[in-house]
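Following: one structure in structure tokens, then a few remarks.
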Ligand SMILES: Nc1ncnc2c1ncn2[C@@H]1O[C@H](COP(=O)(O)OP(=O)(O)OP(=O)(O)O)[C@@H](O)[C@H]1O
Ligand SMILES: [Mg+2]
């Protein structure tokens, strides 16, 4: 007797609610026609209070497209949701974009996901609706399928308590956009671009650059540099990328120039790769000898994307850097053509053209800083000069860890590390040379022994060279005194 009324009352309750809602809608449309706005708002607010089941929830729809244009916020939502997927989601879809490193996992249609933002509970649901029907007998199948795709609508529903509407719209939704950008950036595969061969012959004005995935494994962890120097470079890069507003305020183009100088094999190119991997910026390897004129140089530099590293390697060897207006060449038809000039390049670094493009890092490398035109070295031209020097003991620790997995060599391999420490300051060896020795064996002791022998040999060579010079000087004096 007692269970029946409860069952009925639940049913009745819903029926009653439906009736009240229908009546409220009808009543609202009548008063809309007949009653002035102010009075109408008042009556409507009273009706809301009369509603026995006030709806506290609000739902936002995020559709994949409006039928014609793609909704970029839908993509942002998809990326964001894939980063907060929990084990409670029963069905997932896996996708991968060509330009990205990682797989992205998105929730499948009909699935729910819960999120929290500044204490607000949010519920997400994924939907996919299709106007499923069979093609008519006389209907062209290709037309049917293109129509079918248009009629397939994917969307997300976001529900939350209506009192949080303002916060969700003004803070949570923009947060999704910025998070999705950051996630895309983290997953992005860094590319290296080189000037297309065709460019040399001026046959094309499009596709100036060709690119491949860089795949260089160098990182700040694997770079054998003194820790303070590493930290300083990383801090400098961090400061640069977050100072958009600062650059705008002080009226400077948002870019940063680095000059890396030092002997071959000290890690200049490795540092560039580490910077690119750290910032997730593409690298544009600018081979200046392929650039026929200042006009082309401008064209090439303008076509470089933002958030990139422009690299000019071995700038001291790049054509006739010191020649300027007289710098001309013959094209394949024998005509005299003006080549790019140093002033053209400098104009792009800090002249009027420098403000084309945002968030760009420009790196010049050289083995011989003293051979560079003073105009390039002038204070303020390249923001940071980084000396890549011969190997120090602290940098060797990084190599030993990279190549042999030795974390604390002074305890594990005390004898060898002591010998290396004694010798390394007395000779000039590059990280590249020592890395070569460390690759010779998988056995740590054998490898370290090889490094010791290599350093001893270098030390003997230094001593012999010194003896030789001293001998020559003595003979010289002898000759003089005779
Ligand atoms: N500082 C370093 N840290 C880690 N590995 C290094 C370092 N320097 C050199 N190496 C190793 O030596 C190889 C050559 O280094 P890299 O090409 O970066 O030198 P470079 O200074 O650019 O030389 P070059 O002046 O000839 O262009 C690298 O592939 C890397 O294996
Ligand atoms: Mg190099």
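The values are calculated or read from the model by the stated rules, or taken from the named source; none is laboratory data. All values reported here derive from a predicted model rather than from experimental measurement. Please note: Cβ atoms are built from the backbone with ideal geometry, for glycine as well, and neighbour counts cover all protein chains shown.
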Exercise. Right, residue 370: out of contact with any helix residue (DSSP H, G or I) (no Cβ under 8 Å at 6 or more places or on another chain), in the same structural domain as residue 231 (by TED's automatic domain parsing) and assigned to a helix (DSSP H, G or I) or not?
Worked result: yes
For this session: Quick one: in segment 409-455, of everything that is assigned to a loop (DSSP other than H, G, I, E, B) and farther than 19 Å from residue 270 by Cβ, which residue is nearest to ligand 1 (Cβ to nearest atom)?
Result: 440
Exercise. Can you tell which of 145, 127 is surrounded by fewer than 17 Cβ atoms within 10 Å (Cβ to Cβ), in contact with a strand residue (DSSP E or B) (Cβ under 7 Å, 6 or more places away or on another chain) and at pLDDT below 95?
Worked result: 127
Seminar exercise, completed: Just one listed residue, out of 272, 315, is surrounded by 19 or more Cβ atoms within 10 Å (Cβ to Cβ), within 13 Å of ligand 1 (Cβ to nearest atom), under 27 Å from residue 392 (Cβ atoms) and at pLDDT below 95, and it is 315
Exercise. Across segment 242-261, what is the number of residues that are under 24 Å from residue 345 (Cβ atoms), out of contact with any strand residue (DSSP E or B) (no Cβ under 6 Å at 6 or more places or on another chain) and in contact (Cβ under 8 Å) with a residue 60 or more places away in the chain?
Worked result: 2
Exercise. Of everything in segment 295-312 that's crowded, with 19+ Cβ neighbours inside 10 Å and more than 30 Å from residue 101 (Cα to Cα), which residue is nearest to ligand 1 (Cβ to nearest atom)?
Worked result: 297
Seminar exercise, completed: Of (1) within 16 Å of ligand 1 (Cβ to nearest atom); (2) within 30 Å of the chain's Cα centre (by Cα); (3) touching a residue at least 40 places away in the same chain (Cβ under 8 Å), residue 401 satisfies every one except (3)
